[in-house]
Structure formats: structure tokens, C-alpha cells
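The structure appears below as C-alpha cells.
No lab work stands behind these numbers, since they all come straight from the coordinates. Small disclaimer: the values here were computed from a predicted structure and weren't measured. All Cβ positions, glycine included, derive from the backbone under ideal geometry; neighbour counts span all protein chains shown.
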Amino acid sequence: MIKNFIFVLKRFRTSSVLNITGLSVAFAVFIIIMMQVDYDYNFDRFSPDNEKIFRVDFVNSEGGKQSILCRPLVETLLQSSPHVVAGTFFGPWSGKGSIVVEKNGSRFTSIEKTQAVSSDYAKVFPFEIVEGTADALHNPDMLLIPQNMAKRLFGDAPCIDRMLEMWGKKYPVKGVYRDFPENSLIENSICFKLGNENETSWENWNYACYVRLDSPDAASNVTEVFNQTMQKESNPDHGFEKCGFSLTSLPDLHFTMDVNYDNSPKSSWQTLLVLLSVIVAIIVIAGINFTNFSMALVPRRIRSINTQKVFGASAGKLRVLLVAEAVLMAFVAYFIALFLVYAASKTPPIVELLDCGIHPLEYPKLLVATAAIAALTGLVSGLYPAFYITSFQPALALKGSFGLSIRGQQIRNTLMGLQFTASFVLITCALFMYFQNRYMQSIPMGFNRDQIIITELTGEVKKNYSVLENDLKSFAGIEDLTYGQFLLASSDTYMGWGRRYQDKSIQFFCLPVSPSFLKIMGIKVSEGRDFRDDDRLGRRGKYIFNEKARHEYDIQLNTDIDSSEIIGFIPDIQFTTFHTAPTPMAFYVWGTENWGDNNSFAYIKVKAGSNQREAIQHVKNTMKKLDPEWSFN
């Protein structure tokens, strides 16, 4: 078999190279796409107990859902049902902090994710403690950190009672947990206990609530108990008479799209079906291609095959040799595909296209499955040519010309027709995807995207606004800058405010900004006026709403919401991603009564015709001068 395979490779070199190349690319694409499918399908399915974990969603009187609740309501619900084994709540947005660690007598800084959680956080989610105890979350001055972070910060030395400095205060590490996989809702962050904020506030809906039940089947009973508890405990002024709750299991959250303020990573079953259809089509095309090459070689090989039959080789033995040759060729393509996948894992443009890691050794089951598919592809693709080429009488085959036979032409034409049809379908779909992406990149968003540099602001930078502005404007190519709490068009959810307006309840996303924000971002005011610098001098702030909020809630110009004046309206800009249609929103400028410095991002306008690379480098240099420890992007 080996000798025959090597002989075929040498004799039909061009055909073999084309055959192996086609199969190897197909297998590589199959492996990479299946990695993404595996990542999405198994999102939050890494533990059998995940089926017992549910997120509590609030359902308003109109049937709309939201994933955040107020703290008094959460704490009441968690005590209401005996089926709730444990419950936890936390802010749905994790943060990043500058962590100072002392090691070998010197201090160094690291930027790490942080998450404030309630004390039973590690009882709800499947934490595996490798050092210390999860009881650290019962004390607000103690920390729980992931294993990979502990190794980076402290090496292989014990971590318990080692100190981390955050926000100017030192905290002892009291527990280390095994890292959760990447395809998990739970981020590997520094966990610490929530403080006492909002314990009695029914107005601040800031917390995601999760419960672990004694059985997945208890979800309907718990939902009913939660609804009864809310009606019993809440104040009539809260307006919860026609509201309720729903429970969404942890593995289903990744595919749940209809919940407001839900910023957990998302995919869709439709996307997975599309991806699966694509890879099936690619394997079928590759298999047909393989068979076509084999059939194309029949006229050149039939004399050799039938000569062997004349000298005594049985048809069965020849068929086994021919099928084995096809399987061996498929396995050569498979191993080349592994090399291609490995090369892709080292290629940033490809890595950035996917959510999952694409190193082959991280998916042993997938590699075994692909090897089986390679064997099956070789077997199926080689079986028909093997039987067909050995089906002729030796004398007829040695005299005739198979290449001109009607049957040979029909088989090849049929296979080529199937191959071209599948190829055209894939090409057409790819073109639609290309046009869709080009549309998303070029569609007007309602604000300037070009010539704008955006960078995060840290506490150290915000101590020196005047220095920041003077240094940035010292570069001739920078025209102006402004500030905002959020990054436009980066998310489907932002800070949501529920307010009373003219005896009715309204809900909208609120994006606090500086007075110059709309001007610098090129957002036109359709009625009323733009923000002014003196808007910050009053006790309460000023709103500018979008048209969606205006029409949905019949909002009037120069009226107030909690003593904050509505001064204007803007068109419906695309401030969310393209997953969502326009929703009610408002830009807001704080007055003197505010929550402190809420600026998280600087929006820096570059003059037309200026060198953007030089401008970006100037911004980086300025930021590093103000805060050398932060890694600016």
C-alpha cells in the first residue's frame, strides 16, 4: 500500500498536489469553524450543575424584560423560596483597576479586572477553590483571585495573605480559584464583597441577580413564589402590580436576545446553523473535488490496473489498494490541515475574527473527529472510482478509450455540476456577507466617526484635565477634545434610567457627556438648543433626548424631569450596535449635584488632512506621561 501510494504521488504529481491542497484547506476551515461552533454551543456548559443556575429577569407590565434589579427587591426574593439553595447579585459591568504588588522588595503595577459581588457569589457559580477559602467574600476587606492571575503576580509561591494594593488601600488575598473557561459568563477577575450601597434604594436598578436551585425543574415554582413575594412586599408606589419575573438558565443566556441591559456575550442558534451548513458544504465540495480528480485519472490508470488483473491481481485486492490510497491521501491532507490551523493561531488577523482560541491542542475531541471525517472522506470519495475502474473486462479496457465513454462523462458531469452548485451558493452567501459588512462600515451613524481618537481615562489622568488638554492641543494636528462616560456604538446596553415624567413612568438610556460633546461629534440638534458650558453650573443637569424618546413618551421641549430641564432633541443616532433598533436615549450634562467625575473616555478630534498616526502617538505619549502605569489603547 505504501509503495503504491508513493508511486501514485510521483507519477501523478500535479493531480496529487491539487487533491491534497484542496482537502487540507477544507479540513483546516472545518476545524477552525468547528472551534467557534464548539465555543458558542458549550458556552456556560462546563459544569453539570450549570443547569441549576438561573438569572432572575424583571418583566414589566408590557411584557418587556430587563436583567437588572434593585437591591432591596433582590434581597427579598432570595429569602422567599426553599428551592433557592443560594443567591447572589452584582453589578452587571465589571471594571479594571491598577493593582500594585510588592515582589522581591520592589513594587510593580498590573491592570486587572475587578468585580464587586455579594457574599454568596462562589456558592451560586461552580467555583473550584485551589488555595484558601471562598469565605473571603464574606469580608469586604479580603480578596478572591483566579489561579492564572495568582501565578502571574506571585509565581509558584503561596498566595494566601499576600497583599494587593487597590485604590490606595491594601487587601489580603484569602482565596484562589481555578480559572473559568473563556466561554463563560463569569470573568476571571479579582472578586471582593459589595459594600452597603443602595441597600434601601428602590430607585437604583443596578444589579444582576442569579440563583442556584435544588433542581432545574423547580424554576416554574420559584418564579411563581417570586411574583407573589413582589406583590406582597413592594410598595404600591413602585407600580409593580402588573409586573413579574422570569428565570433564564445559565446555558441559555448566551442565546437570549430579548432582555434589556443584558451585556453578557451573545450568539444565536441561526449563526451556528449557518456555520454548520457552510462547513458541510465545504467538506462536500472537497469530497466531490477529490472524486473528480480520481475519475479524471481513470483513463490514464485503467491500462495499468487491468494489466495487474491480467497478471492475476483480484478485483477485490485492487479495490482495497485504491481505497487505501484515497484514505492515505486524505490523512496527508489532514496533517497538513493541522499545520495550517497552527499557523492560523499565530496570525492576528485570523485570531481577531474569532471569539475562541484556535490552538489545535486545545480541542483533542475535535481533532479525533476531524481525523474520522478525513478517513470517511477518503473512503467515500475513493470507493466509487475504485469499483468503477476495476469493473471493466481487461481485454476491453486495454483496447478501448474510457475517457470518451458516455458513462464516464455522465459521472464526471454530474459531480462537477453538484460541485459548482455548492460553490456558487457559498460564493453568493459570501458576497451578501461582504455587502452587509460594507453597509455597516459605511452607513451614516448620525455622528462623526472619522478623524476621532478615543481613549480611556484613568484616575491619575483625571486629576490633571488642564495638563491633558494643553498637552494634547499642543500638537498641531489635534483640533479639540471632549469627554463622555460611555463609548458610542460599542454596546447594546448603557446606563438605564427610569423616571417619572408628567405622571407616567419612562425608561431610557442615559449617556452623560461634556457640554461640547455634540458639537465635536457632529451631532445636530433638530429642535431646541445644544449644551452650553454654563449648563454645568446649575444644581440639576440638562437633557437632550432623541426623537425615539420624544415620540414614544410625548416629551415636550423646556419641561423638566426631576428638576432637570429638557433643552433639545436630536435625530435617532446609532448609539448602540446594529443588533438593536433605535431606542429612547438622552445625552445628559450633570449639574453641581452629581455622582462625581463620570468621564471614562476622551474623544479627541483630529484636524482634516493631519497625520493620524502621529496624532495617535502624541495621544499615547501624553497619556503615559500622566499615568505611566496604565496600558492605554
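For K193, a cut-off of 12 angstrom between C-alpha atoms picks up these aspartates and glutamates, skipping any fewer than 8 places away in its own chain: D120, D135, D141. Residues whose amide H comes within less than 5 Å of that of Y543, counting only those at least five positions distant or on another chain, are E565, I566, I567 (H built at 1.01 Å from N in the peptide plane).
Helix 13-41 sits at what angle to the longest principal axis of the chain, using alpha carbons and giving 0 to 90 degrees rounded to 10? That works out to roughly 30 degrees. Region 167-284: percent of C-alpha pairs farther apart than 22 Å? For region 167-284, the fraction of Cα-Cα distances above 22 Å is 61 percent.
Using every Cα-Cα pair within region 442-492, state what percent have a distance larger than 15 Å.
Cα-Cα pairs of region 442-492 separated by over 15 Å account for 57 percent.
For region 186-192, backbone phi angles converted through the Karplus equation (6.51, -1.76, 1.60; θ = phi - 60°) give residue-by-residue couplings of 7, 7, 7, 10, 6, 9, 9 Hz, Gly and Pro being listed as x. For the chain, the 222 nm mean residue ellipticity estimated from helices alone, with every DSSP H stretch of n ≥ 4 adding -39500 (n - 2.57) and the total spread over all residues, rounds to -13000 deg cm²/dmol.
Work out how much length D554 to E197 would gain on full extension: take 0.36 nm times their residue separation and subtract the Cα-Cα distance, in nm to one decimal.
Values: separation 357, 0.36 × 357 = 128.52 nm, distance 3.38 nm.
Working it through step by step, the gained length comes to 125.1 nm.
Based on Cα atoms of the chain, Rg over Rh with Rh as the Kirkwood radius reads 1.08. Sequence-ordered 3J(HN,Hα) estimates for region 55-66 from the Karplus curve with 6.51, -1.76 and 1.60 and θ = phi - 60° stand at 8, 8, 10, 8, 10, 7, 5, 9, x, x, 10, 9 Hz, glycine and proline given as x.
How do the peptides 23-32, 591-600 rank, highest first, by the average count of neighbouring beta carbon atoms within 10 Å per residue? Please report the intermediate quantities before stating the final value.
Numbers: 23-32: 22.8, 591-600: 12.8.
Peptide ranking by packing, descending: 23-32, 591-600.
Contact order, relative form, for the chain: 15 percent (alpha carbon pairs under 8 Å, 6 or more residues apart, mean separation divided by residue count). Summarised in one figure, the compactness ratio Rg/Rh of region 53-142, Cα atoms and Kirkwood Rh, is 1.07.
Mean separation of Cα pairs under 8 Å and 6 or more residues apart, divided by the residue count, gives region 474-633 a relative contact order of 32 percent. Close amide H contacts of V130 (hydrogens built in the peptide plane, cut-off under 5 Å, sequence separation of 5 or more or a different chain): V176, Y177, R178. Model label points for K524 and I129, set 7 angstrom from Cα along the Cα-to-Cβ axis, are 6.1 nm apart. Note on E629 and K3: their simple-model spin labels are 7.3 nm apart, each label 7 Å out from Cα toward Cβ. By DSSP, the beta bridges lying fully in region 141-240 are antiparallel in about 55 percent of cases.
Here is the P(r) of region 408-493: all C-alpha pair distances, binned every 5 Å from 0, give 2, 9, 12, 12, 11, 9, 8, 6, 6, 6, 5, 5, 4, 3, 2, 1, 0 in whole percents.
For the chain, the longest principal axis of the C-alpha atoms and the axis of helix 364-389 are separated by about 30°.
Packing around the peptides 274-284, 218-228, 371-381, taken as the average count of other Cβ atoms within 10 Å per residue, puts them in this order, highest first: 371-381, 218-228, 274-284.
Computed from Cα positions, the angle between helix 612-626 and the longest principal axis of the chain comes to roughly 50 degrees. Taking max minus min of the alpha-carbon positions on each principal axis, region 264-364 gives extents of 69, 28, 22 Å, largest first.
Please figure out what share of the DSSP beta bridges in region 74-175 is antiparallel and state it in percent, rounded to the nearest 5. Write out the running numbers ahead of the final one.
Values: 17 of 19 bridges.
Of all bridge pairs located within region 74-175, approximately 90 percent are antiparallel.
Taking every C-alpha pair closer than 8 Å and separated by at least 6 residues, the mean separation divided by the residue count of region 78-205 gives a relative contact order of 28 percent. Over 32 Å apart at the Cα level, from the set K65/K519; K96/K266; K542/K607, are K65/K519. Of all lysines in the structure, those lying under 26 Å Cα to Cα from K3, and not within fewer than 8 positions of it along the same chain, are K309, K317. Averaging the Cα positions of each part gives two centres, and for region 142-176 and region 61-120 these lie 18 Å apart.
Computed extension gain for E593 through H138, at 0.36 nm per residue and net of the alpha carbon distance, reaches 160.5 nm. Cα extents for region 594-633 along the principal axes, largest to smallest and rounded to whole angstrom: 39, 24, 13.
Annotation: amide H of Y603 within the under-5 Å range of T482, Y483, G484, sequence separation 5 or more or interchain, hydrogens built in the peptide plane. Think of each Lys and Arg Cβ as +1 and each Asp and Glu Cβ as -1; about the Cα centre, that makes the dipole of region 22-152 roughly 380 debye.
For N464 and T76, FRET efficiency with R0 = 41 Å and r from the beta-carbon atoms, rounded to 0.05? After rounding, the FRET efficiency stands at 0.40.
Running Debye on region 489-633 with equal point scatterers at the Cα sites and no solvent, what base-10 log of I(q)/I(0) appears at q = 0.10 Å⁻¹? For the requested q values the scattering log ratios are -0.41.
How large is the charge dipole for the chain, taken about the Cα centre, if only the Cβ atoms of Lys, Arg (+1) and Asp, Glu (-1) carry charge, to the nearest 20 debye? Present the calculation step by step, with values, prior to reporting the outcome.
Working: 61 positive and 63 negative charges, 872 e Å.
Dipole magnitude for the chain comes out near 4180 debye.
Among bridges DSSP assigns within region 508-579, what percent are antiparallel (round to 5)? Working shown, then result.
Values: 4 of 9 bridges.
Expressed as a percentage, antiparallel bridges in region 508-579 total about 45.
Quick check: Cα centre of region 10-43 to Cα centre of region 485-559, how many Å? Here the answer is 51 Å between Cα centres.
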